[in-house]
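Quick notes on the structure that follows.
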Amino acid sequence: MVSEIYCLFSTICNRKPISKDGFGSYAEASSSGLCRKRKLNQHYLPDQVWINTKNAMTKSLVFAHRGANKEAAENTRAAFDKALQYPIDGIETDVQLSRDEVAVLWHDRFLGKLGYPLKHIDDFDYAQLQAMNFAAHFSSGAKPEGIMSLQGFLDAYRQRCRLLLEIKNRDWESPSRHEIKVRQTLEMAGEPHGDNIMISSFNLDSLIYAHQCAPQFPLVYNFEPEQTLKDAQRVLDYAAFSARAVPAD
């Protein structure tokens, strides 16, 4: 048996933040493959469509994108804790590597939000990143927070909701660091239990490598705006994942 693979369509839905909601963007799972907005707490929230290629989904799943990123600094404990105050199914976050190869949570290519516009996460060791304040850019009154490690995130939230871990690969990184990132994420996530923890990436090679390391682990291929369901089928054919497409209604 091999892993199931999901295709995340990030483009056919409106990804712009909606005012007055706490998140900014969500991922919504749907067996129909149709894009729609879901009403939660009287606010219409942008969503993204998932196609589950193994088991038909009968309900939508809403993931808080980098936590409640309109109420606290994204990818911080404050944002994740605030997200859990909403009727969500899971939390999405981003995985990068510090210079000394510690898996940490950060989305951007640069550290401009922290006052280092020409620096990357991997220009600093984990201890240095912990000493920085990753919450100050959101609000001067926010409680200071150092960078959160992937291990700390998993320890804190894996028993509380589903988790979607997006592995960020950068063009300046060596292939060996890409592989280290994938292996660390898989090792920390542990044995798969349904879709409780999923790994995603825009980098197909990273997903293929993840599949080689852990054939049973659920993987998510993130699509660019111009990609379609036909592209999804080509990906499945190329990657030789055992999967079946779920037709749209």
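Here are the numbers:
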read-out: Residues located in segment 112-135, provided they are in contact (Cβ under 8 Å) with a residue 40 or more places away in the chain and among the aliphatic types (A, V, I, L, M); value: Ala135
read-out: Selected residue [within 21 Å of Thr76 (Cα to Cα), out of contact with any Leu (no Cβ under 7 Å at 6 or more places or on another chain), surrounded by 12 or more Cβ atoms within 10 Å (Cβ to Cβ) and of a type in the set (Gly, Ala, Ser)] from Ala156, Ala232; value: Ala156
read-out: Filter result for the condition that a residue is out of contact with any Lys or Arg (no Cβ under 8 Å at 6 or more places or on another chain) and small (Gly, Ala, Ser), over Ala68, Ala131; value: Ala131
read-out: Considering residues of segment 162-218 that are basic (Lys, Arg) and in a loop (DSSP other than H, G, I, E, B) only, the residue nearest to Leu105 (Cα to Cα); value: Lys168
read-out: Near pairs, Cβ below 7 angstrom, 6+ apart or cross-chain, from segment 173-200 (over 19 Å from Phe153 (Cβ atoms)) to any residue that is at pLDDT below 95 and among the aromatic types (Phe, Trp, Tyr); value: Glu179/Tyr209
read-out: Qualifying positions in segment 207-249 - modelled with pLDDT under 80 and among the polar types (S, T, N, Q); value: Gln233, Ser242
read-out: From the options Gln96, Gln151, residue that is touching a residue at least 40 places away in the same chain (Cβ under 8 Å), polar (S, T, N, Q) and either crowded, with 19+ Cβ neighbours inside 10 Å or in contact with a Lys or Arg (Cβ under 8 Å, 6 or more places away or on another chain) (or both); value: Gln96
read-out: Leading residue by the ranking (surrounded by the fewest Cβ atoms within 10 Å (Cβ to Cβ)) among those in segment 114-148 that are outside any helix (DSSP H, G or I) and among the hydroxyl-bearing types (Ser, Thr, Tyr); value: Ser140
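The values are calculated or read from the model by the stated rules, or taken from the named source; none is laboratory data. As the structure is a computational prediction, the values presented were derived from the model and not from experiment. Reconstructed Cβ throughout: ideal geometry from the backbone, glycine too, with neighbour counts over all protein chains shown.
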